[in-house]
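Trainee: My questions will all concern the structure given below.
Bear in mind these aren't lab numbers, they're just calculated from the coordinates by the rules spelled out. Worth saying up front: this structure is predicted, and the values here are computed from it rather than measured. Neighbour counts are summed over all protein chains in view; Cβ atoms, including those assigned to glycine, are modelled from backbone coordinates with ideal geometry.
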Amino acid sequence: GTVAISVLIWRRVLTSLLPKWPLKAHLLGAASIALFLGFLRNSWENSIVAEVYALQLLFTVGFLFTLQRFEETRKPSNIVAAAVVFGLALTHHRLSVTFALPLAMAFWWAKRRVTDFPWRRSLISALLAVLACQSLYLYLPIRAAAQPPINWGNPVTFPAFLNHVRGGEYMQFQLLQAFPGRPFSLESYMNFFFLTLRHLIGEVAAQVYPATVQFVTDVFPRPFAIPSAPFFVIGVCLVVVALYGMRRWAKIQPLTAMGAALVVLQNLVVIFIYNIADIRDYYLFVMWVVWGSVCLGVLVGVQALLQRYTRWAPRPEFAYAFLLLPLLPLTSNFSRCDMSKSDEPEVFAQLVMPNRTDAMPENSILITMGDDPIFLSWYRQLVRRERTDVLVFGANFASREWYRTFFTPSQIEKYQIRFADRIAQGAAEFAEQVSNAIIERNVGRYPIFTTIDDPLVLQELSKRYTLKLVAQQVFVMRSFWGPEPVRVRRIEPKRF
């Protein structure tokens, strides 16, 4: 879907930017650019995972297409269509709030540039369209009231609903936070800023060719993939070409190009103020625009050189050469993005929560840390009905009051589960919370296992309990993080 809409967008751009080209060149050029963007590493990786990112890119590209159609036709129906896409996207991911500025700019542009444009009526229609789409959010409290097995945020009250919809926990724990609950100092933020900047520029080059990177963690609980010097220079050069291509685009379609630029700039702001390790959704449209603009810049530059230094007039059949363009990211990314034969998720899931009861006895407790172990365990228990005897407890949710709804009253009573009333400030308090939540009253009664691997937290837990390493293996679950060791430890009473 995203590639198909991309073809429509880039065909209109090429038709306006290079009007002397034959129709065949416009069609094949647009299709080649769209396929090229579809084979970028981020686009490919996110199209094969059960996440929100790929659909968010579809909404964003669709929104840009409606802006482009409005700029061409100047019909009120197209700006209302943009509002509908905005409203639907906003119910999918709060990142879609970045569409608001381009939509407002479109109304301002119409008022100044379009004669007799019914902007008041169109504005009211657009606002009603956005509000009507938000009615889809009513599903959340209705479904939450039925106490589903996974009840994220438990939005049954208005404060809980509002906090869940606006991403209150992200704003509270990761907005300008060096650690959850600990704001940046000037020194730590500048360090974070430059690590993120270097990583981002390296990511531009890494979309097409595997960049040589060094993983740096510094003082943050997340790794930054820092590119080698040659790839950093390549990334900078690509950004310069993209700026040139964007400038040429803005000359022929100012509203569309500025709308794309506004969304990109807002995504970049989020990248630099949120300390979130897995923030790929904010990279997707950025890379789509950057590499699309690079393609434009290269095509316009080559065209200018041919016109200035030669009299060679390419034949229309030469346009088929454009089809070679998407082969570059396809061939370079295939080996690292093709997951059709990968069994890593299955192996990972079996390592964390094995089916064999001799490895993890019946009625065990599994304390997870991070998304992958708990999501895979939930899937196996709720969908496959595997190891339903194991109590899965997410340590990183121990301070979330809504997490209580993930357990039945009988489970809470049986395991005497407790929940903290605030996010932990450091490793010692986190270990204390996890111990009080699930370990202290169950160790020795039930077999307890954990995937917690933070050395400071393990050090604190080892003061109270005996920790035995029972399984470990290295996985590449996220290419931008590189190999990640996964270790499972058994927690037993302390032997003195």
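Trainee: Excluding same-chain pairs closer than 8 in sequence, count the lysine pairs in the chain whose Cα atoms lie under 27 Å apart.
Mentor: Lysine pairs, 8 or more places apart or on different chains, close enough: 10.
Trainee: Taking neighbour Cβ counts within 10 Å as the exposure measure, how do E51, E362 sort from fewest upward? Provide the component values of the computation, followed by the final result.
Mentor: Numbers: E51 14, E362 10.
Taking fewest neighbouring Cβ atoms as first place, the list is E362, E51.
Trainee: May I ask you to sort I201, I491 by Cβ crowding, counting other Cβ atoms within 10 Å and putting the fewest first? The partial results should precede the final answer.
Mentor: Values: I201 20, I491 26.
Ranked by crowding around the Cβ, least crowded first: I201, I491.
Trainee: Something else about it: How high is the relative contact order of the chain, in percent, with contacts defined as C-alpha pairs under 8 Å that are six or more residues apart?
Mentor: After rounding, I find 15 percent.
Trainee: Treating only the Cβ atoms of Lys and Arg (+1) and Asp and Glu (-1) as charged, compute the dipole magnitude of region 16-159 about its Cα centre; round to the nearest 20 debye. Intermediate results must be reported in sequence, preceding the final value.
Mentor: Values: 13 positive and 5 negative charges, 107 e Å.
Dipole size: approximately 520 debye.
Trainee: Once a ≥ b ≥ c are taken as the square roots of the eigenvalues of the Cα gyration tensor of region 344-493, is the result rounded (a/c under 1.5), prolate (a/b larger than b/c) or oblate (a/b not larger than b/c)? Walk me through the numbers on the way to the answer.
Mentor: Numbers: a/c = 1.35, a/b = 1.14, b/c = 1.18.
Rounded.
Trainee: What is the pair-distance distribution P(r) of the chain, computed from all Cα-Cα distances in 20 Å bins starting at 0, with each bin given as a whole percent?
Mentor: Computed distribution, short to long bins: 20, 49, 26, 5, 0.
Trainee: Angle between the Cα long axis of helix 281-309 and the longest principal axis of the chain, 0 to 90 degrees, nearest 10?
Mentor: For helix 281-309, the angle is close to 30 degrees.
Trainee: Of the beta bridges DSSP finds with both residues in the chain, what % are antiparallel, to the nearest 5? Please report the intermediate quantities before stating the final value.
Mentor: Numbers: 20 of 28 bridges.
Just about 70 percent of them are antiparallel.
Trainee: Here's a follow-up. Using the number of other C-beta atoms within 10 angstrom as an exposure proxy, rank D338, D454 with the fewest first. Intermediate values should be presented prior to the final figure.
Mentor: Details: D338 11, D454 15.
So the ranking, lowest neighbour count to highest, is D338, D454.
Trainee: To the nearest 10 degrees, how steep is helix 23-38 against the longest Cα principal axis of the chain, on a 0 to 90 scale?
Mentor: Helix 23-38 and the main axis of the chain meet at about 20 degrees.
Trainee: Relative to the first principal axis of the alpha-carbon coordinates of the chain, what is the inclination of helix 254-273, with its axis defined by its Cα atoms, in degrees from 0 to 90 and to the nearest 10?
Mentor: Computed tilt is about 20 degrees.
Trainee: Farthest toward the dipole's positive end in region 344-493, which of T466, I412, M369, given Cβ charges of +1 (Lys, Arg) and -1 (Asp, Glu) about the Cα centre?
Mentor: Projecting each Cα onto the dipole axis, the largest value belongs to I412.
Trainee: Same structure again: Excluding I252 itself, what net charge comes from residues whose Cβ is under 12 Å from its Cβ, given Lys and Arg +1 and Asp and Glu -1? The partial results should precede the final answer.
Mentor: Details: positive: R12, R247, R248, K251; negative: E71, E72.
So the surrounding residues net to +2.
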